[in-house]
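Report on the structure given below.
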Amino acid sequence: MTRISINGTVRDMTAEEQAEYDDRKVTITEEQMKLQTIKDMRQVRLEATDWMSNSDVTMPDYIKTWRQTLRDLPQNNTSESQYDTLLARDSDKKLTNSVWTQPTS
């Protein structure tokens with residue numbers, strides 16, 4: 001039974017309160033956390049190159065391809081082992097998967 005504090009008074013939840021609490025509780029798996037990390041990292045890289053899509057800038061094809069690869073990550077990588085590969089780091093804590101490195105040409 002979970003204990004709650006209401007106006008400084010601590011008591012056990014009633015069975016009804018516990019059931020409502022349990023229904024609202026969201027469990028996030030490690031796999032879901034990894035996918036969210038990948039999406040967040042992808043978003044940072046896409047936002048960093050958004051300026052290249054302005055009408056007065058010509059985005060190089062290699063950047064277009066890289067941005068599309070980033071956008072496709074969630075549907076092209078659907079297992080936890082694939083997430084682990086995308087999130088792998090070397091001994092210096094640098095990401096090892098080349099998808100995270102912006103190409104230069």
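The values are calculated or read from the model by the stated rules, or taken from the named source; none is laboratory data. Please read these numbers as outputs of a predicted model, since none were measured by experiment. Note that each Cβ is placed from the backbone with ideal geometry, even for glycine, and that neighbours are counted across all protein chains shown.
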>> Just to be sure before I move on: is MET13 surrounded by 14 or more Cβ atoms within 10 Å (Cβ to Cβ) and farther than 30 Å from THR104 by Cβ in the structure I sent?
In response: yes
>> Out of the residues in segment 16-44 meeting the condition of being polar (S, T, N, Q) and surrounded by 11 or more Cβ atoms within 10 Å (Cβ to Cβ), tell me which one is modelled with the lowest pLDDT.
In response: GLN18
>> Go through segment 18-36 and report how many residues are in contact (Cβ under 8 Å) with a residue 12 or more places away in the chain and of a type in the set (A, V, I, L, M).
In response: 1
> Would you pick out the residues in segment 12-48 that are of a type outside the set (Gly, Ala, Ser), assigned to a helix (DSSP H, G or I), over 9 Å from the mean Cα position of the chain (by Cα) and farther than 23 Å from LYS64 by Cα?
Replying inline: GLU16, GLU17, GLN18, GLU20, TYR21, ASP22, ASP23, ARG24, GLU30, GLU31
> Restricted to segment 63-95, and to residues that are over 17 Å from the mean Cα position of the chain (by Cα) and among the hydroxyl-bearing types (Ser, Thr, Tyr), which residue is surrounded by the fewest Cβ atoms within 10 Å (Cβ to Cβ)?
Replying inline: SER91
